[in-house]
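Enquirer: Here's a structure for you.
The values are calculated or read from the model by the stated rules, or taken from the named source; none is laboratory data. Keep in mind the model is a prediction, meaning the values are calculated, not measured. Here the Cβ positions follow ideal geometry from the backbone for every residue, glycine too, while neighbour counts run over all protein chains shown. Just the protein is used for accessible areas: all its heavy atoms, side chains included, with ligands, DNA and RNA removed. Shrake-Rupley method; radii C 1.70, N 1.55, O 1.52, S 1.80 Å.
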Amino acid sequence: MTPIFLTAVEPDAFAASRTVIVIPARNEQAYVAECLDSLFTQTAPHRAGIVLCVNNTTDDTAAIALDRARAARWPLLVLEAELAGGGVGQARRLGHRVALRAAPRASALLSTDADCVPAPRWQAEMELALRQAPAVLGRIEVAEHELAGFPGPFLQRQYIENDFVQLAMEFERLMDPAGTDGIGLNTAGGANLGFRRETYRRVGGYRPLPTGEDRDIIARIRLAGLRPIRADGAVVVASMRQIGRAPGGMADQILARCGHEDCSVDSALVPFEVMVARHLGRAPASLPMTLSRVTQDLPLLRDCVDGLRGLSCIHSRRRHLAALLWPTREMENPLGN
């Protein structure tokens, strides 16, 4: 078993925490102080315990975190471990496992990253949302001062992809038989997620994946029949650094957009025709989505969403989709039921 070294600051206060924030950290000495300081100054009604899972690290991340917490007298547990493969999913899973044991009264489990700065009301907004839903996706914004330094072609690619993501999210909400208050597209990011304690335990928590552990847990929550929501008022600002810690993570995506004209895009995206077919009871194969396909499909998606907005029920929306795929065929029942 991997040796785990645990150092606690204010352990009694941690044990009494009603909310715990879990943060994986790998060689984050340049960022962790600002992250923690933003959590120490939250405008929430009570202090949250923090678990920092320092994994596969060769710098002073742990020491900096402990110094900050001791100065603030803040309830913090620092785990230090060498995890096989160094996967962020393993780090999140370990951090949550310790949080569940060390804070038995905690009803809310929040996730963020060590290179993120939560807004002052982040904790309060996440806690409020978790009173309404079993799991919550907060909003992740990029650091504007870093974004300003990127070249124009990169920014243009970002704008095109962001337009597609927002429309795809609205499309999925409009086509949700349970109503439009769901999350739509599963764009979950571990930098800003929250779970009720019982929800996290019910689905088995984070899986020890090298990447994609955030979307995986939200997918399993939905498969369990639970309904996550978005909390757009719960904001964290994420670094736009180009050297990341997780394979396939945000930094890798930034590098791809900087270096390739037709780069890959968010893995949650699929071609427009596939989006439509899935809601008509078909599951066509889909190759990985690229920026050129996003650009090609964007007008089609925009027109489709415009049409769906004016339709009042899911049946009429399915008929609208069927007419897009089979414009010359009369479709009394698009799903063949």
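Enquirer: Would you point out the residue of the stretch 19-33, among those that are assigned to a loop (DSSP other than H, G, I, E, B) and polar (S, T, N, Q), that is least open to solvent (accessible area, probe 1.4 Å)? Even if it seems obvious, please write down each step before you answer.
Expert: Step one: of the stretch 19-33, the residues assigned to a loop (DSSP other than H, G, I, E, B) are 26-31.
Narrowing further to those that are polar (S, T, N, Q): 27, 29.
Values: 27: 49, 29: 88 Å².
Residue satisfying both the conditions and the ranking: 27.
Enquirer: Within the stretch 277-313, track down each residue that is closer than 18 Å to residue 177 by Cβ, surrounded by 15 or more Cβ atoms within 10 Å (Cβ to Cβ) and at pLDDT below 95.
Expert: Answer for the stretch 277-313, where residues must be closer than 18 Å to residue 177 by Cβ, surrounded by 15 or more Cβ atoms within 10 Å (Cβ to Cβ) and at pLDDT below 95: 277, 278, 279, 280.
Enquirer: Same structure, new question: Which members of the stretch 203-231 meet the condition of being surrounded by fewer than 17 Cβ atoms within 10 Å (Cβ to Cβ), in contact (Cβ under 8 Å) with a residue 24 or more places away in the chain and assigned to a helix (DSSP H, G or I)?
Expert: Of everything in the stretch 203-231, those that are surrounded by fewer than 17 Cβ atoms within 10 Å (Cβ to Cβ), in contact (Cβ under 8 Å) with a residue 24 or more places away in the chain and assigned to a helix (DSSP H, G or I) turn out to be 219, 222.
Enquirer: Exactly one condition in (1) more than 15 Å from residue 92 (Cα to Cα); (2) within 23 Å of the chain's Cα centre (by Cα); (3) in a strand (DSSP E or B) is false for residue 36; which is it?
Expert: All conditions are met except number (3).
Enquirer: Looking at residue 61 and the list (1) surrounded by fewer than 19 Cβ atoms within 10 Å (Cβ to Cβ); (2) free of Cβ contacts under 8 Å to residues at least 60 places away in the same chain; (3) not hydrophobic (A, V, I, L, M, F, W, C), which single condition is not satisfied?
Expert: It is condition (1) that residue 61 fails.
Enquirer: Then there is this: Of all residues in the stretch 188-202 being assigned to a helix (DSSP H, G or I) and among the charged types (D, E, K, R), which is least open to solvent (accessible area, probe 1.4 Å)? It would help to see each step written out before you state the result.
Expert: Within the stretch 188-202, the first condition is being assigned to a helix (DSSP H, G or I), and the residues that meet it are 190-192, 197-202.
Narrowing further to those that are among the charged types (D, E, K, R): 197-198, 201-202.
Details: 197: 44, 198: 111, 201: 149, 202: 149 Å².
Looking at residues that are assigned to a helix (DSSP H, G or I) and among the charged types (D, E, K, R), I get 197.
Enquirer: What's the number of the condition residue 50 fails, among (1) without any contact (Cβ under 8 Å) to a residue 40 or more places away in the chain; (2) outside any strand (DSSP E or B); (3) among the hydrophobic types (A, V, I, L, M, F, W, C)?
Expert: Every listed condition holds for residue 50 apart from (2).
Enquirer: Also: Quick test for you: out of 161, 146, 141, pick the one residue that is at pLDDT below 95, in a strand (DSSP E or B) and within 21 Å of the chain's Cα centre (by Cα). Show your work before the answer.
Expert: Numbers: 161 fails: in a strand (DSSP E or B); 146 fails: in a strand (DSSP E or B).
Within the list 161, 146, 141, the selection yields 141.
Enquirer: Moving on. Looking only at the stretch 232-245, decide whether some residue is at pLDDT 95 or above, within 26 Å of residue 135 (Cα to Cα) and open to solvent by less than 10 Å² (accessible area, probe 1.4 Å).
Expert: Checked the stretch 232-245: at least one residue is at pLDDT 95 or above, within 26 Å of residue 135 (Cα to Cα) and open to solvent by less than 10 Å² (accessible area, probe 1.4 Å).
Enquirer: Just wondering, is there one or more residues in the stretch 93-101 that are closer than 21 Å to residue 130 by Cβ and without any contact (Cβ under 8 Å) to a residue 12 or more places away in the chain? Talk me through it step by step, then tell me what you get.
Expert: Pass one, the stretch 93-101, residues closer than 21 Å to residue 130 by Cβ: 93, 95-101.
Next, from what is left, pick out any that are without any contact (Cβ under 8 Å) to a residue 12 or more places away in the chain: 101.
The answer is yes, given that some residue of the stretch 93-101 is closer than 21 Å to residue 130 by Cβ and without any contact (Cβ under 8 Å) to a residue 12 or more places away in the chain.
Enquirer: Working only within the stretch 90-103, note down all residues that are crowded, with 24+ Cβ neighbours inside 10 Å and touching an Asp or Glu at 6+ places or on another chain (Cβ under 8 Å).
Expert: If the condition is that a residue be crowded, with 24+ Cβ neighbours inside 10 Å and touching an Asp or Glu at 6+ places or on another chain (Cβ under 8 Å), then 92 is the only one that fits.
Enquirer: Within the stretch 179-187, does at least one residue satisfy the condition of being surrounded by 15 or more Cβ atoms within 10 Å (Cβ to Cβ), in contact (Cβ under 8 Å) with a residue 40 or more places away in the chain and not in a loop (DSSP other than H, G, I, E, B)?
Expert: Within the stretch 179-187, none of the residues are surrounded by 15 or more Cβ atoms within 10 Å (Cβ to Cβ), in contact (Cβ under 8 Å) with a residue 40 or more places away in the chain and not in a loop (DSSP other than H, G, I, E, B).
Enquirer: Residue check, residue 113 against (1) within 30 Å of residue 6 (Cα to Cα); (2) part of a strand (DSSP E or B), all met but one. Which one?
Expert: Status for residue 113: all satisfied but (2).
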